[in-house]
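Have a look at the structure below, then the notes.
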Amino acid sequence: TGTAEAGSQVRVVMNSTVIGSATADGAGNWNFNYGAITLPEGSYQAGAFVVDAAGNTSATSSLYGFSIDNTPPAAGVVEAVAPDSGIAGDGITANSQLIFSGTAEPDLPVAVYLDGVLLGTVQADGAGDWSYDHSAVALADGTYQITAIVSDAAGNAAAESAPLTVVVD
């Protein structure tokens with residue numbers, strides 16, 4: 001979508017190849033729809049140039065860069081609850097104010113769930129480690145399932161992690 005001299009032909013370019021054209025209407029507005037084409041994952045540069053009625057060709061416009069990313073990140077892992085009482089790593093604790101932690105792809109957001117209810121989102125660090133501090137809320141005695149979902153900048157979400165069972169007693 002853009003503007004050009006009324007009645008001129010606009011040639012749309014992607015990665016240095018003309019992929020189609022559109023005609024500017026009487027007000028100079030034009031629109032090119034590439035929605036029927038599925039682009040593979042990758043990086044792209046798109047722009048346009050104009051050919052007027054006399055056959056004069058303009059320079060190519062500034063290029064617009066974009067990327068296609070349809071691949072979700074790997075599923076995160078919920079690994080630990082702290083503080084843990086008794087046998088480390090068994091998920092049983094006498095503490096009701098907990099911190100959950102795990103791993104994910106580095107630098108990606110991780111949504112943390114308690115029994116399917118979103119608690120909040122944290123960022124995995126550069127090594128892929130994350131922790132969610134839920135210690136401000138005391139959990140009642142019972143059994144809980146902690147899960148995580150990692151997403152990337154393109155909005156792709158990983159599969160939900162395997163649940164970590166936590167027993168507060």
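Read-outs throughout are calculated quantities, based only on the coordinates presented, and are distinct from any laboratory measurement. Computed from a predicted structure; not experimentally measured. Don't worry about glycine lacking a Cβ; one is built from the backbone with ideal geometry, like all the others, and counts go over all protein chains shown.
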Subject >> Test: residue in the stretch 67-80 that is over 30 Å from Thr103 (Cβ atoms) and in a strand (DSSP E or B) >> reply: no
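For the stretch 85-98, indicate whether the set of residues that are among the aliphatic types (A, V, I, L, M), touching a Phe, Trp or Tyr at 6+ places or on another chain (Cβ under 8 Å) and surrounded by 14 or more Cβ atoms within 10 Å (Cβ to Cβ) is non-empty.
Start the filter on the stretch 85-98 by keeping residues that are among the aliphatic types (A, V, I, L, M), which leaves 87-88, 92, 94, 98.
If we keep only those that are touching a Phe, Trp or Tyr at 6+ places or on another chain (Cβ under 8 Å) too, we end up with none.
Looking for residues that are among the aliphatic types (A, V, I, L, M), touching a Phe, Trp or Tyr at 6+ places or on another chain (Cβ under 8 Å) and surrounded by 14 or more Cβ atoms within 10 Å (Cβ to Cβ), one finds none in the stretch 85-98, hence no.
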Subject >> Residue list for the stretch 89-115, filter: closer than 17 Å to Asp133 by Cα, of a type outside the set (Phe, Trp, Tyr) and in a strand (DSSP E or B) >> reply: Thr93, Ile99, Ser101, Gly102, Thr103, Pro109, Val110, Ala111, Val112, Leu114
